[in-house]
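Novice: Let me begin by handing over the structure; questions about it come next.
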Amino acid sequence: MDDTALGMTVAYMVVGGLICGGSCSTIASEKGYSSGFAFLTGLIFNLIGLIYYAGLPDKKSQDLLAQLISIQAEAHGLVKEQPTEPTAEPPAEPPVTPGRPKPKQGFGTPVDWDRK
């Protein structure tokens, strides 16, 4: 391969990377993702990066859908009020089975359950 062919190959790779990077950046910004990172992904991975960003879900649509669902749930009375404070105290210590020793604390310490 001579120098002219090598130069043309590199030029095509750079131009293709810039085109894919710009396309990835545009797609990512429209879907609510970081456009700078998308540009680098398209520049380095070219068509694979473009396919990746084309297949990502739309963050903006997901946020709007979540808001719509919560509004509809409140309108139909499907949302219960959350208590601000816990109603019952959690047990201080889990109960120990009668006849068995309390397990030792520590990592790697074996417990002999059949010991008397």
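Novice: Using a Förster distance of 35 Å, how high is the FRET efficiency between Phe37 and Leu65, based on the Cβ-Cβ distance and rounded to 0.05?
Specialist: Efficiency computed from Cβ-Cβ geometry: 0.90.
Novice: Kindly provide the pair-distance distribution of segment 1-81 built from C-alpha pairs, with 5 Å bins from 0 and whole-percent values in order of increasing distance.
Specialist: With 5 Å bins starting at 0, P(r) equals 3, 16, 16, 12, 10, 9, 8, 7, 6, 4, 2, 2, 1, 1, 1.
Novice: Another question, if that's okay. Applying 1/(1 + (r/R0)^6) with R0 = 35 Å to the Cβ-Cβ distance of Tyr52 and Val10, what FRET efficiency is obtained, to the nearest 0.05?
Specialist: With a Förster radius of 35 Å, E is 0.90.
Novice: Just to confirm a number: summing +1 for Lys and Arg and -1 for Asp and Glu over residues other than Ala38 whose beta-carbon lies under 13 angstrom from that of Ala38, what do you get?
Specialist: +1
Values in this text are rule-based calculations from the coordinates and carry no lab data. From a predicted model like this one, the values you see are computed outputs, not experimental measurements. Don't worry about glycine lacking a Cβ; one is built from the backbone with ideal geometry, like all the others, and counts go over all protein chains shown.
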